[in-house]
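The values are calculated or read from the model by the stated rules, or taken from the named source; none is laboratory data. Fair warning: this is a prediction, and the values are worked out from it, not measured in the lab. Neighbour counts are summed over all protein chains in view; Cβ atoms, including those assigned to glycine, are modelled from backbone coordinates with ideal geometry.
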Amino acid sequence: MTTIEITYREAMRAAIRDALLRDDRVFLMGEDVGRYGGCFAVSLGLLEEFGPDRVRDTPLSESAFVGAGIGAALGGMRPIVEIMTVNFSMLALDQIVNNAATLLHMSGGQLNVPLVIRMTTGAGRQLAAQHSHSLEGWYAHIPGIRIVVPATLEDARGMLWAALRDPDPVLIFEPGALYPVKGELDASVREVDIDRAAVRRPGRDATIITYGATLQTSVAAAEQLADEGIDVEVIDLRTLRPLDDATFLDSVTRTHRAVVVDEGWRTGSISAEISARITEQAFFDLDAPVERVCSAEVPMPYPKHLEDAALPQQADIVAAVQRTTGDGR
Amino acid sequence: MTTIEITYREAMRAAIRDALLRDDRVFLMGEDVGRYGGCFAVSLGLLEEFGPDRVRDTPLSESAFVGAGIGAALGGMRPIVEIMTVNFSMLALDQIVNNAATLLHMSGGQLNVPLVIRMTTGAGRQLAAQHSHSLEGWYAHIPGIRIVVPATLEDARGMLWAALRDPDPVLIFEPGALYPVKGELDASVREVDIDRAAVRRPGRDATIITYGATLQTSVAAAEQLADEGIDVEVIDLRTLRPLDDATFLDSVTRTHRAVVVDEGWRTGSISAEISARITEQAFFDLDAPVERVCSAEVPMPYPKHLEDAALPQQADIVAAVQRTTGDGR
Amino acid sequence: MSAKHRQELLRQMLRIRRFEERCAELYSATKIRGFLHLYVGEEAVATGVIGALLPDEPIVSTYREHGHALARGVPMDAVMAEMYGRSTGCSRGRGGSMHLFDADRHFYGGNAIVGGGLPLAVGLGLADALRGAHRVTTCFFGDGAAAEGEFHESMNLATLWQLPVLFACENNQYAMGTALARSHAQTNLALRAASYGLPAWPVDGMDVLAVEDAAQRAVEIIRAGGGPVFLELRTYRFRAHSMYDPDRYRDKAEVEQWKQRDPIDILMARMRSDGELEDGDLEALDREVTEELARAVDAAEAGPWEPVEDLTRFVYSEQS
Amino acid sequence: MSAKHRQELLRQMLRIRRFEERCAELYSATKIRGFLHLYVGEEAVATGVIGALLPDEPIVSTYREHGHALARGVPMDAVMAEMYGRSTGCSRGRGGSMHLFDADRHFYGGNAIVGGGLPLAVGLGLADALRGAHRVTTCFFGDGAAAEGEFHESMNLATLWQLPVLFACENNQYAMGTALARSHAQTNLALRAASYGLPAWPVDGMDVLAVEDAAQRAVEIIRAGGGPVFLELRTYRFRAHSMYDPDRYRDKAEVEQWKQRDPIDILMARMRSDGELEDGDLEALDREVTEELARAVDAAEAGPWEPVEDLTRFVYSEQS
Ligand SMILES: Cc1ncc(C[n+]2csc(CCOP(=O)(O)OP(=O)(O)O)c2C)c(N)n1
Ligand SMILES: Cc1ncc(C[n+]2csc(CCOP(=O)(O)OP(=O)(O)O)c2C)c(N)n1
Ligand SMILES: [Mg+2]
Ligand SMILES: [Mg+2]
């Protein structure tokens, strides 16, 4: 297998370019995706290659261009709509919740919506209280849509095409902190499965269940714990809706201990759902209560020291695992 | 104590009228609250009594009039903003999440937002996929706002004034199915506490934790179970954010069994958060896994038989309690 | 315009009128539930506008859409069965009155979020523009919807991108209980719309011939690549907003005055004076419509329910 | 207008210019982080508009608001400390560049959701209208914001209710990388705004005297109960959208052309020709501003951080 060195940003760009080349029903639409090159430079160069019809700059009209994406999907296209940042998606939520997620049902199965919406999520860049939230787990409450979060280069490269082949709306959340991350990627990756969670690190003593930006932090925590003789399995959920219970239940029934790590605000986070499902389906296999490591429940403050304090840190994860394995007491 | 016979709708109306009489900073604003008398007749007659400045009809502009409510609150008023139905609040979510919930923090404590937003929530009236959801538990994910759900006549009468005295934004979710419910109310009720959950029925064998429209269903289930010799405690959460853990934890540590009942879609519902908190704080007191009875994960279908099938029914609650007490096996 | 054509217009308006009147009865008889919004008084708008469209041209509508669905050719049986919530309904009974859909007939619903259909229509137009198709997508919405942010964003987007969209604003003077002048600072909606830089003009929405003529001209402009057009169709609903509405906010004299301009009477008068409507014609027409309606009600009554086991179908597509 | 007053205008613009230039350096020095949007080139807008307001009149601004804050009189120390994220900042350091607040000075921020401040301004105006206060609330927003639904809803609401709001649209020709003509079907924003039925006109945003004069007239109309006014302030940002922006989308000649109309040069030329600016005056002014800036930077450098234990303060009010 030949590998290439690539950043997460470049992997996303390659995925979009690939989609534009493979299917002429595909087009990219959003604020500054064209002339500017994308707010985070993800679509840099694509306007020049594909032209303004297929790499389409929009006015600041989140509700209309997301709704137009739904309409274009109904009209036979395969739109990729980019919303710059998850906070701005609040302006388009009516279209996502009341139309994209419901049209198939309201129409009795007649109108599916093959739409992909991409947006940047998460903190870590000192962008403060209106640009830093992690709402992908919150979106996972909505029936009718699929939620995926690429945490690895392979998923950044391969999830988009899988999403475009899904007949229903798929939201791809890209942790902004990952864009500059560089690494080796199998050059042949074009599409990955988006139904299953993945075991990123096998282990016997406890299970960390996470996704997105906290995956690497969790793996690092696992390595640290390995030195202490605690062998931790790390699971990357990858798809937050529908959740792949089987993968994390299988793990927890083996390790008997679970820690859910999630950059969302703790209350009502996806980690609460995971915890509830483990309780419901593996209660008698648990040797310790399911732990959660989430973000502090605060609109993100600007200064680095407060932002760091608000986010799940490696030490927090290590401490949580130690509590479940009893070594923390 | 003198009691009056009153409907939930009339109790809400009395609360609004009372607030308009007590504090001239208070005004009611929303679509058709005036001339029409309120979409669900809650504000009927108030325009005639208080005039168009204080009972203010708005155009169909959810984002602007909710945002205007925030601005008016910053300007020293005590607005009550009505959004007809929870689904329409998606159009105002930017203002709620990015402004109302964050201004105090972004301003370093300078700008609190004493705003009350009322909206109708829930199903049961065959209003189908764009008028029937229960998103109050979803809103409970957002730091910076308070979420209350009056399930009783007393709370319908007394929560509004408490909300208006709160210096921060409070969202009041009114289950549409409760408006016609009639009963006896202590005529002296003006304000109720909005910090604590309430034990609506004491019991020893299991705890049902619920709120809103499913409270009565839960109490009915408890009565049915009593005949089978299962003595169930029923807790009404009342306030979904911030959650009053103490009340339900105290109950669960006594009964060792918990069933959370919630009209929201199951995945990522408030019931998941309750389950997770019980696991975290009372794991070793549990004799059975925490059960959840929620709505089916489907945009609400129109026909009655499907709507009923989608909603938590008394039989579902009874079965869940029986599972936790072992009698269901 | 041929007499036959006018008779067809009359027939369509009559079908809608009778259908709506019957729905009102069926609501009282609790056969139809939920919210029910009737189109009585506004028949000329759906009939005239949709009469100017080709059958494969997309329509996006509102929760007051029975008339649009019937005018587009969605079979009355399927529409009535939907009112009943039967699986023989045009949305398998899952949508009900507010959510009529018919993909084969390019009828995209049935949207109960005011203004929510506007961006969808822009997107359907965008898809056609990208594919070089020459269809016109029509979006029906009300005067109240024009106050929503989605209206502004959609008008700008469609005009900026010169998309083939006909914005058919049904100005029936009220948004629920809120009169136009209490919703809009600028009550001349055609004038406001023109500020986006697209052709926009007011039309007498009670005169089906005027409506059809305006729609024809609009569609020609759009098909010729002239970009979107906005029509303000001035009309009135003779009944309350919905079956929940006690209609306290309208003065009876105003309602009566508008009823003097009943679109069906106006067309019949024109036809009579032009000798296109003989004695007995109306009765014959009415009999025909009444029979169609009777068949539709019988079919709805006999229609099956979706099985409860299928509750969660159509949340996600069924992979075939 | 007195020479003293013009000198004050010059001083304000210079303060803003130097402050922004320093912020750019401090960003490169990683003293300031996150998003940083500079106002260089647009100084005449904040200076002229805010100069026409009374100190207790509310201002709602955007993420490009340093100039507005300084012109309103938020101390430069407090603004710079906020850039640094220190607890001595005007938002205790929790807001940063995009979220400057000063309740005592009626400066309501500092909003980083484009268009998100418009409804707030309408609400502040509503509060004053209800209380019979005669203040004017000013909302600054950009050309790009005018495409948002919240713009439409807010313009209609303010005009419908005749609220005392000054809509100050800073048309700097671009929304990030998107030129006006690729954002708006109608690029004459004053004309579009006028369609809501409120007074609206374009102003040369590079000429501080023209801006102040227009703002004076607008404020008089509003104070006299004439309802809201919209000003389209035509200006240009001399620098990139933010420090992240490589500025690939603007042609250098265009930028140079606008720089020929530097608002500071324009005012100085006017003052010179009117003999209101002697040799040395500018140097003296510059020295004064440079010293103020130096003090602000020193104070910011020395400012304390919010304690980590206080992380979750100000999510809810602290009951006293
Ligand atoms: C976003 C949204 N807000 C409010 C409602 C409740 N509602 C339903 S119809 C209606 C009035 C709409 O008026 P208009 O657009 O003029 O259409 P009409 O009913 O007159 O045909 C309102 C307020 C809704 N369905 N959606
Ligand atoms: C709702 C929303 N969408 C997108 C953005 C990202 N963004 C920040 S500034 C900006 C451009 C705004 O342009 P304009 O309103 O003209 O103001 P300017 O920056 O030119 O002063 C964009 C797209 C945002 N902050 N909020
Ligand atoms: Mg109307
Ligand atoms: Mg701009």
Inset, instruction - Spot the failing condition for C:Ala158; the list is (1) within 14 Å of chain D (Cβ to nearest Cβ); (2) hydrophobic (A, V, I, L, M, F, W, C); (3) within 16 Å of the chain's Cα centre (by Cα), and only one is missed. - result: (3)
Inset, instruction - Kindly provide the set of residues from segment C:292-320 that are within 14 Å of chain A (Cβ to nearest Cβ) and surrounded by fewer than 18 Cβ atoms within 10 Å (Cβ to Cβ), ordered by number. - result: C:Pro304, C:Trp305, C:Pro307, C:Asp310, C:Thr312, C:Ser317, C:Glu318, C:Gln319, C:Ser320
Inset, instruction - Sort out which residues of segment D:185-214 are small (Gly, Ala, Ser) and outside any loop (DSSP other than H, G, I, E, B), and write them in order of number. - result: D:Ala190, D:Ala193, D:Ala194, D:Ala200, D:Ala210, D:Ala214
Legend entry - Test set (1) buried (at least 24 other Cβ atoms within 10 Å of the Cβ); (2) in contact with a Pro (Cβ under 7 Å, 6 or more places away or on another chain) - B:Pro114 fails condition number: (1)
Inset, instruction - Would you mind stating whether D:Met206 is in contact with a Lys or Arg (Cβ under 6 Å, 6 or more places away or on another chain) and either under 30 Å from C:Ala158 (Cβ atoms) or within 16 Å of ligand 4 (Cβ to nearest atom) (or both)? - result: yes
Legend entry - Residue in segment D:85-108 that is free of Cβ contacts under 8 Å to residues at least 60 places away in the same chain, more than 22 Å from D:Glu301 (Cα to Cα) and within 14 Å of ligand 2 (Cβ to nearest atom) present: no
Legend entry - Complete set of residues in segment A:258-277 that are among the hydrophobic types (A, V, I, L, M, F, W, C) and more than 8 Å from chain B (Cβ to nearest Cβ): A:Ala258, A:Val259, A:Val260, A:Val261, A:Ile274
Inset, instruction - Only residues that are farther than 19 Å from A:Tyr179 by Cβ and within 11 Å of ligand 2 (Cβ to nearest atom): list them for segment A:66-90, please. - result: A:Met90
Inset, instruction - With respect to C:Gly123, determine if the residue is facing chain A (nearest Cβ under 8 Å), at pLDDT 95 or above, within 16 Å of ligand 3 (Cβ to nearest atom) and crowded, with 24+ Cβ neighbours inside 10 Å. - result: no
Inset, instruction - Answer yes or no as to whether C:Asp56 is in contact (Cβ under 8 Å) with a residue 60 or more places away in the chain and away from chain D (no Cβ under 14 Å). - result: yes
Inset, instruction - Test D:Ala194 against the stated conditions and say whether it is surrounded by fewer than 24 Cβ atoms within 10 Å (Cβ to Cβ), over 18 Å from D:Ile221 (Cβ atoms) and facing chain C (nearest Cβ under 9 Å). - result: no
Inset, instruction - Can you confirm whether segment C:104-117 contains a residue that is surrounded by 24 or more Cβ atoms within 10 Å (Cβ to Cβ), of a type in the set (Val, Ile, Thr) and closer than 18 Å to C:Leu231 by Cβ? - result: no
Legend entry - Verdict on D:Asn156 being over 21 Å from D:Glu220 (Cβ atoms), within 16 Å of ligand 3 (Cβ to nearest atom) and buried (at least 24 other Cβ atoms within 10 Å of the Cβ): yes
Inset, instruction - Please enumerate the residues belonging to segment A:85-105 that are more than 8 Å from chain B (Cβ to nearest Cβ) and among the small types (Gly, Ala, Ser). - result: A:Ser89, A:Ala92, A:Ala100
Inset, instruction - May I ask you to verify whether C:Leu10 is farther than 19 Å from C:Arg239 by Cα, in contact (Cβ under 8 Å) with a residue 24 or more places away in the chain and outside any loop (DSSP other than H, G, I, E, B)? - result: yes
Legend entry - Count of residues meeting criterion [at negative phi and within 10 Å of another protein chain (Cβ to nearest Cβ)] in segment D:75-112: 22
Legend entry - Candidate set: segment D:138-154, residues that are small (Gly, Ala, Ser) and part of a helix (DSSP H, G or I); chosen: the one nearest to ligand 1 (Cβ to nearest atom): D:Gly149
Legend entry - Close pairs from segment C:167-193: first more than 16 Å from B:Arg35 (Cβ to Cβ), partner within 16 Å of ligand 2 (Cβ to nearest atom), Cβ under 9 Å, at least 6 apart: C:Ala185/D:Met155
Inset, instruction - Return yes when D:Ala193 is closer than 18 Å to D:Leu53 by Cα and touching a helix residue (DSSP H, G or I) at 6+ places or on another chain (Cβ under 9 Å) and no when it is not. - result: no
Legend entry - The one condition in (1) outside any helix (DSSP H, G or I); (2) surrounded by fewer than 24 Cβ atoms within 10 Å (Cβ to Cβ); (3) touching a residue at least 40 places away in the same chain (Cβ under 8 Å) that C:Pro246 fails to fulfil: (3)
Legend entry - Criterion: within 20 Å of the chain's Cα centre (by Cα) and crowded, with 24+ Cβ neighbours inside 10 Å - qualifying residue of B:Val189, B:Val234, B:Val181: B:Val234
Inset, instruction - May I ask you to verify whether B:Ala156 is part of a helix (DSSP H, G or I) and within 14 Å of chain D (Cβ to nearest Cβ)? - result: no
Inset, instruction - Take C:Asp251 and decide whether it is touching a helix residue (DSSP H, G or I) at 6+ places or on another chain (Cβ under 9 Å), at negative phi and surrounded by fewer than 19 Cβ atoms within 10 Å (Cβ to Cβ). - result: no
Inset, instruction - Please verify whether segment A:264-285 includes one or more residues that are assigned to a strand (DSSP E or B), modelled with pLDDT of 95 or more, closer than 30 Å to D:Gly85 by Cα and in contact with an Asp or Glu (Cβ under 6 Å, 6 or more places away or on another chain). - result: yes
Inset, instruction - Would you be able to say whether some residue in segment D:165-183 is among the aliphatic types (A, V, I, L, M), more than 16 Å from ligand 4 (Cβ to nearest atom) and either part of a loop (DSSP other than H, G, I, E, B) or more than 9 Å from chain C (Cβ to nearest Cβ) (or both)? - result: yes
Inset, instruction - Give segment C:197-213 a look and list any residue that's surrounded by 20 or more Cβ atoms within 10 Å (Cβ to Cβ) and within 14 Å of chain D (Cβ to nearest Cβ), or say none. - result: C:Gly197, C:Leu198, C:Ala200
Inset, instruction - Please tell me if A:Val321 is crowded, with 22+ Cβ neighbours inside 10 Å, aliphatic (A, V, I, L, M), at pLDDT 95 or above and in a strand (DSSP E or B). - result: no
Inset, instruction - Restricting attention to segment B:124-153, report how many residues are assigned to a helix (DSSP H, G or I) and facing chain A (nearest Cβ under 10 Å). - result: 6
Legend entry - Yes/no for D:Val219 being within 16 Å of ligand 2 (Cβ to nearest atom), part of a helix (DSSP H, G or I) and not hydroxyl-bearing (Ser, Thr, Tyr): no
